[in-house]
4 protein chains.
Amino acid sequence: MSSKIKLGILGGGGDSLIGILHRVASAMYDRYEVVGGVFNPEHEESLNFAKAIGIPTNRIYKDLDHLISEEKALPQEERMQVISVLTPNFLHFPMAKKLLENGFNVICEKPMTTTYEEAKILEKTLEQSKTIFAVTYTYTGYPMIRQMKEMIAAGEIGKVQKVDVQYYQGWINPIIHDSEKRANTWRLDPEKSGISCCVGDIGTHAFDMIEYVTGLEVQEVLADLNYLYEDNVMDIDGTVLLRFSEHVKGVLRSSQIATGEENNFAVKIYGEKAGLKWEQENPNYLYLLEDGQPMRVLKPGHAYNSELSLDGTKLPPGHPEGIFDSMGNIYKGVAKAIRNEDYHPAEFPTMKDGIRGMNFIEKAVESHKKGNVWVSITE
Amino acid sequence: MSSKIKLGILGGGGDSLIGILHRVASAMYDRYEVVGGVFNPEHEESLNFAKAIGIPTNRIYKDLDHLISEEKALPQEERMQVISVLTPNFLHFPMAKKLLENGFNVICEKPMTTTYEEAKILEKTLEQSKTIFAVTYTYTGYPMIRQMKEMIAAGEIGKVQKVDVQYYQGWINPIIHDSEKRANTWRLDPEKSGISCCVGDIGTHAFDMIEYVTGLEVQEVLADLNYLYEDNVMDIDGTVLLRFSEHVKGVLRSSQIATGEENNFAVKIYGEKAGLKWEQENPNYLYLLEDGQPMRVLKPGHAYNSELSLDGTKLPPGHPEGIFDSMGNIYKGVAKAIRNEDYHPAEFPTMKDGIRGMNFIEKAVESHKKGNVWVSITE
Amino acid sequence: MSSKIKLGILGGGGDSLIGILHRVASAMYDRYEVVGGVFNPEHEESLNFAKAIGIPTNRIYKDLDHLISEEKALPQEERMQVISVLTPNFLHFPMAKKLLENGFNVICEKPMTTTYEEAKILEKTLEQSKTIFAVTYTYTGYPMIRQMKEMIAAGEIGKVQKVDVQYYQGWINPIIHDSEKRANTWRLDPEKSGISCCVGDIGTHAFDMIEYVTGLEVQEVLADLNYLYEDNVMDIDGTVLLRFSEHVKGVLRSSQIATGEENNFAVKIYGEKAGLKWEQENPNYLYLLEDGQPMRVLKPGHAYNSELSLDGTKLPPGHPEGIFDSMGNIYKGVAKAIRNEDYHPAEFPTMKDGIRGMNFIEKAVESHKKGNVWVSITE
Amino acid sequence: MSSKIKLGILGGGGDSLIGILHRVASAMYDRYEVVGGVFNPEHEESLNFAKAIGIPTNRIYKDLDHLISEEKALPQEERMQVISVLTPNFLHFPMAKKLLENGFNVICEKPMTTTYEEAKILEKTLEQSKTIFAVTYTYTGYPMIRQMKEMIAAGEIGKVQKVDVQYYQGWINPIIHDSEKRANTWRLDPEKSGISCCVGDIGTHAFDMIEYVTGLEVQEVLADLNYLYEDNVMDIDGTVLLRFSEHVKGVLRSSQIATGEENNFAVKIYGEKAGLKWEQENPNYLYLLEDGQPMRVLKPGHAYNSELSLDGTKLPPGHPEGIFDSMGNIYKGVAKAIRNEDYHPAEFPTMKDGIRGMNFIEKAVESHKKGNVWVSITE
């Protein structure tokens, strides 16, 4: 490698947390440098932000169209090699689509689109573009999640028989009980946020995670959502029953009114031979439960971990890495793809994950609206 | 008090764990002495067991009928004052009924009966008998569960908005995957065990617990049970969606195939103002979560606990009490009732709890069999 | 066994926590019945307490001398078979001595005596009496402590190379900072409490525990105690360096001013092959650490545990037992000894443990007073 | 800010973990760019490493002297603004000295020097140079450590009365028991590693931490070190008694033979009013213990945290940051100093911390060698 991958960014300016997350993640493995982008719809703010983060302003563009035309005008070796799309949700689809159509590799925040239909269109676009596309289900980059996936794939817990995933937050609690606040929160406005709040924002993470770690596909869902107030049209809590196959079942629980919870995302997979448990807030512990055996606690960086897990750990055991490192691993995977290096297909979530996520959101809402009935989510 | 309460026991002989649990619990507060009973259908074994536990054999009876007639022949002050029914499930109802009809106070193991219909009959019998009746939902005796109940009742978490209860065990896993074993396990035989295995055995504990701590009544259930094998007719895993009122929802998850889990019973109640969490395997910790505040960890024996909680703690903070102590608190409550002392209605579960439990089992199975539909469990 | 062992109790009346602990413990395995004793120096209160706990008053004696003469006048098979000494510390020695001299088996609370000299005298008395003597280092009865001991004995962690034990409480904190309170607390009065507060009360537990689990003997100690105020003559905090042999060292930390701590007693033993850790406030978890391996978490009641550990567990895994059960196991061991049943020498602490404890207290104080120098504690 | 701070690095090439730690840390807040340095004594390897991490090779120098002369020849605004010294321990002193003498700001890994004498010389050099100097006691950058410091400074736990710090690792265990390995490990070679292994490497972290969080200075130390084998001259385990003032004591425990431990660094500070506890392996939890109150668990990113703590957290609560973020906060502090922005003096450890650390190492070894006696560590 003779220089860093040139990364452009759309959105993520100012105090944007997602902006920080992506910039830090991109720096984790000495693989990327941020060369420009459109941080903000206001060009002036975009320029100021570039100065604030100490990057040259010459590739800070007025808008996406200018970015595309001017970058394409650059010699191949100077051009942005991948663009991260960190804009508000409803812009993910049009921006990603245009980028793919113009031959750019894309790292897209989730939810990938606002509808399943858009997702299917984007899939077609990608097929024609022959570029690289990643959707940032951040949590799949954690070393112990990768370990979990590899252990299940290797049959260490036997056939999966029960899946239980929880994603509990409490942040919307102080908003939802205040009629004024709930009327003025963009997350609760379907125009801005899509058809779902809770399922769309965090339920999808949970859904993606269980398909990621188990390697199984959910076949049917039955959802019971909660809105708490009559004047609120967006779900802020929801339990979804899952069917993988006739005798493999699961339950996905997501909430934004689990008062006092921060980001309590927890995954439990039970197989015929053993169970595995993991919690996002203590991401460096993976619990292995076997009938009649002492529970084992796996941690990152040990020789007993899989290659995929070890590739996502930078320091020796006992030096806790966190969520930036998890996203950093996703960026590392994309970098390998861009560089045509060997990489494991599980190093970053792809279009397929994005599509499954959109399908899940729509079917969960459909199930609820039809009176909590089973709805298929196979295509 | 001039002497201990005279306790008779039906069942619980030999290595019976439930027998140990009740005998130890009865001794916790210097309130009871075991004076006799029918420990085993074989009279000889009953007598031997009496010797093994060092009690006189003169009140070890051949069967329940002899117990009743001979005890009633004794002077009032010598008679057994309460009988604990620890026999196999299908005997709970006929034995308890006969005891109540003959004026004995009864402590009955759960499930109280094998059907809801029996439960309603027993309720009638109790009304006519004017005796004391307790059903041993053991876990409600834990000091931090009592604390949880009192805090919710006092409004400390505000209006309850979400309920999540889990009861995961793995013990049936090595049985269910062995066709011979699963054909020969009494828990999987509806003749011996009633219409449900998992919901009946542990789902009811979970159900009782949430009604206990929240003071709310579940209105409707929608259950999805799992049987894993076609030749197995008893549920060994089940998720039940719960509706308390239009905007208060919950989920109850129970499993006996959560491989490697021991007795992972966990309760989470989220209210408008705060959340409370508790786990049975570490029963002396109660977690209070409030928006934007440090989580607080309450423990037994502190002055900040409610009177009901403190009454169930014997030693100072940091001296862990356990499940025997929890059951001991239930026995203590019954002792107060027998002695006509003041007691808190939450000191022991009653007929109403037993009836709710049977209703829940039948309606959960009904919901599942009808295709996972909502079924009312109000009467 | 045809009847329960007849247990007499000295002290432990009224609200005495130690009284509750011993009574409940004695009942744990259907092995004992409390038949009388001297609960209180005031005979009237003793009688009232007997009534309160529902036992006959005919064997409630005025004092120890009456107990001895009257019990000895009873036929052998009716006589108290063992006496528990739960009186204030300074009475342990004279009472235990008199009981041994009169042929009674004794269960003695710790500290066994107030001086090492007394302890040596008591040892002689015991040798001559041919009775059974136990000293209640309560915590050694925990199943996972027994497991720890057996694993170390079996070489599972290899040669012990480092020992770290902590016993932190905070209860004296609100007393010590109030000059009036600290002047009027019996624990801080050497007349009533012996030469040491913290080392004497909890340091000894820690000391006994490490000799118990490792099977090693401490050779030398170097102590640094803390008194906080000039007008306080009793240690309330102390760190003691330990030498087992030239290259095996350890540290014992005890405190009663570890503000906010409850009963935080923790043991860590590191060997050439592995380490073991345990914490009293969560006594059902034993952590096994091996180089490069996932940590394993052992719990009670599993087939992988030693016979000694399993003998101290009553219920299946996941049903937490606690401190009453730990003391109950000590009582069970004594019962076996009384009944001439086979028992493991580690089932209850003996005279030797009591002597070592007294030796430790005196040598730790001596080391501190001499300016924190090494003092031998071999005899 | 119009561009990033130009950072040069000495050492840290190849697979160096410390190199990764510093590079990632420098990128955390968009404040630095690595522009060159001397990654390796072999110039060729240095150049290759530059290519591997995608930075230009034009400022990769043959050695430190070339770096100094050539950088000084550059226009002020292009010159390296700070140099991180990540070379083997014995090179820290000469390199840092030369850099300071030539007017460069320095970020120096710990131990700052190999002797206290060198440290004092370096202090003088710094005084004359008027540059910025930081020593990277990594762990002081954790948000909850900053919070701990600020709470103690604000009097929230009252006067400190007891300090307990532990730093346990097990990595040397498989080395020390193999005579060949222990003869060939540089850490155990005083020529390469200084007079101490365990105290020097991790004991100093523990020492710095307690002076950092309490704001107190240790006055005297009494150390008992362990070498395990006669042919090993370097301590691999050691307990150090600490005196802050007559009635404020502490204990520092460090070990590299705590078999199976990873990086178990734990700090407990008890004051007259409350106690605070923290563990490095779960760095986002700070435990506040108060007499008779529920324990409180503080986490990063909440409004209740101090400004200094909040400044070191990038994401909302529940998104775990880790050790890179901790070091990133130190780099951020240095960046503010370089940019002449306001900063809190606790944002990065300074020369004084480095000197205290060297003093501690020498005095601990001296105490041990003199037979475990008290040695003053005030100057």
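The values are calculated or read from the model by the stated rules, or taken from the named source; none is laboratory data. As the structure is a prediction and not an experimental result, all values here were calculated from the model. Please note: Cβ atoms are built from the backbone with ideal geometry, for glycine as well, and neighbour counts cover all protein chains shown. Just so you know, the surface numbers come from the protein's heavy atoms only, side chains and all, with ligands and any DNA or RNA stripped out. Shrake-Rupley method; radii C 1.70, N 1.55, O 1.52, S 1.80 Å.
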How long are the semi-axes of the equivalent ellipsoid of region B:308-350, taking √(5λ) for every eigenvalue λ of the Cα gyration tensor, in whole Å from largest down? 20, 10, 8
Per q in 0.22, 0.26 Å⁻¹, report the Debye log10 I(q)/I(0) for region D:244-298, using one uniform scatterer on each alpha carbon and no solvent. -0.95, -1.06
Mind checking D:162-171 for the average number of partner chain beta-carbons within 10 Å of each residue's beta-carbon? 5
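Enumerate by residue number the trypsin sites (Lys or Arg not before Pro) in region C:302-340 meeting two conditions: DSSP loop (anything except H, G, I, E, B), and at most 15 other Cβ atoms within 10 Å of the site's Cβ. Working shown, then result.
Numbers: sites: C:K314, C:K332, C:K336, C:R339; in loops: C:K314, C:R339.
Listed in order of number, the matching sites are C:R339.
How large is the convex hull of the Cα atoms of chain B per residue, expressed in Å³ as a whole number?
Details: hull volume 55.6 nm³, N = 379.
With only Cα atoms used, chain B gives 147 Å³ per residue.
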Relative contact order [Cα under 8 Å, 6+ residues apart], region D:92-164, whole percent: 30 percent
Once you've got the GNM for chain A with C-alpha springs shorter than 10 Å, pick whichever of A:D353, A:D30, A:D201 has the biggest mean-square fluctuation. A:D30
For the ranges B:359-371, B:51-63, D:136-148, A:179-191, what's the packing order if you count other beta-carbon atoms within 10 Å of each residue, average per peptide, and put the highest first? D:136-148, B:359-371, B:51-63, A:179-191
Using every Cα-Cα pair within region A:275-363, state what percent have a distance larger than 15 Å. 69 percent
222 nm [θ] for chain A, helices only, -39500 (n - 2.57) per DSSP H run of 4+, per residue, to 500? -10500 deg cm²/dmol
Please compute the average number of Cβ atoms from other chains found within 10 Å of each residue's Cβ in peptide C:283-292. 5
Point me to the residue of chain C whose C-beta lies closest to the C-onto-A rotation axis, rounding the distance to whole angstrom. C:R296, 3
Convex hull (Cα only) mean projected area of the protein assembly as shown, reported in nm² to one decimal: 54.5 nm²
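Between B:K72 and B:N340, how high is the FRET efficiency from 1/(1 + (r/R0)^6) when r is the Cβ-Cβ distance and R₀ = 22 Å? Nearest 0.05.
On the way: r = 21 Å, r/R0 = 0.97.
Using R0 = 22 Å, I get an efficiency of 0.55.
Would you calculate the convex hull of the Cα atoms in region A:106-257 and tell me its volume per residue in Å³?
Details: hull volume 20.3 nm³, N = 152.
Given the Cα convex hull of region A:106-257, per-residue volume reads 133 Å³.
Averaged across C:30-38, how many Cβ atoms of other chains sit within 10 Å of each residue's Cβ atom?
Counting Cβ atoms of other protein chains within 10 Å of each residue's Cβ and averaging gives 2.
Would you mind calculating the relative contact order of chain A from Cα pairs under 8 angstrom and at least 6 residues apart, reporting the percent as a whole number? Write down the numbers at each step before the final one.
Numbers: 803 pairs, mean separation 75.6, N = 379.
Contact order relative to length: 20 percent.
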Please identify, among C:G170, C:G357, C:G13, the residue showing maximal mean-square fluctuation in a Gaussian network model of chain C using a 10 angstrom Cα cutoff. C:G170
Straight-line reach only, C-alpha to C-alpha below 23 angstrom: list the lysines that C:K130 could link to, leaving out same-chain residues fewer than 8 apart. C:K4, C:K6, C:K72, C:K97, C:K98, C:K110, C:K120, C:K332, C:K336, C:K352
Could you tell me the distance between the Cα centroids of region D:176-249 and region A:298-320, to the nearest Å? 27 Å
Over region D:142-182, what number does the Rg to Rh ratio reach, with both radii from the alpha-carbon atoms and Rh per Kirkwood? 1.35
Any idea how far the Cα center of region A:29-62 sits from the one of region B:325-367, in Å? 66 Å
Can you put C:Y343, B:Y29 in order of accessible area, largest first, using a 1.4 Å probe? C:Y343, B:Y29
Under a straight-distance cross-link criterion of Cα-Cα below 23 Å, which lysines are reachable from A:K159, leaving out those fewer than 8 residues away in the same chain? A:K149, A:K249, A:K268, A:K273, A:K277, B:K181
Which ³J(HN,Hα) values in Hz, rounded to whole numbers, follow from the phi angles of region A:346-362 under the Karplus curve 6.51 cos²θ - 1.76 cosθ + 1.60, where θ = phi - 60° and Gly and Pro get x? 8, 6, 8, x, 10, 3, 4, 5, x, 5, 4, x, 5, 4, 4, 4, 5
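Give the relative contact order (percent, whole number) for region A:1-107; include only Cα pairs under 8 Å separated by 6+ residues. Present the calculation step by step, with values, prior to reporting the outcome.
Numbers: 160 pairs, mean separation 32.6, N = 107.
Computed over region A:1-107, the figure is 30 percent.
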Log10 I(q)/I(0) at q = 0.12, 0.19, 0.25 Å⁻¹ for region B:113-193, from Debye over equal alpha-carbon scatterers, is -0.74, -1.04, -1.13
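What translational diffusion coefficient, in µm²/s and rounded to a whole number, does the Stokes-Einstein relation yield for region D:157-219 at 4 °C and a viscosity of 1.567 mPa s, taking the hydrodynamic radius as the Kirkwood radius over Cα pairs?
Working: Rh = 13.9 Å.
The calculation lands on 93 µm²/s.
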Most mobile listed residue (A:E101, A:E77, A:E217) in chain A, GNM with C-alpha springs under 10 Å: A:E77
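Output the direction-averaged projected area (hull surface divided by four) of the convex hull of the alpha-carbon atoms of region C:1-117, in nm². Display every interim value, and only then the final one.
Numbers: hull surface 29.0 nm².
For region C:1-117, the mean projected area of the Cα convex hull comes to 7.2 nm².
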Which of the chymotrypsin sites (Phe, Trp or Tyr not before Pro) found in region D:211-267 are loop residues per DSSP with 16 or fewer other Cβ atoms within 10 Å of their Cβ? D:Y229
Report P(r) for region C:43-184: all Cα-Cα distances, bin width 10 Å, range 0 to the bin holding the largest distance, values in whole percent. 9, 25, 28, 25, 11, 2
Diffing region A:231-240: the Karplus 3J(HN,Hα) column from phi (6.51, -1.76, 1.60, θ = phi - 60°), in whole Hz with x for Gly and Pro, holds 7, 10, 9, 10, 5, 10, 6, x, 10, 10
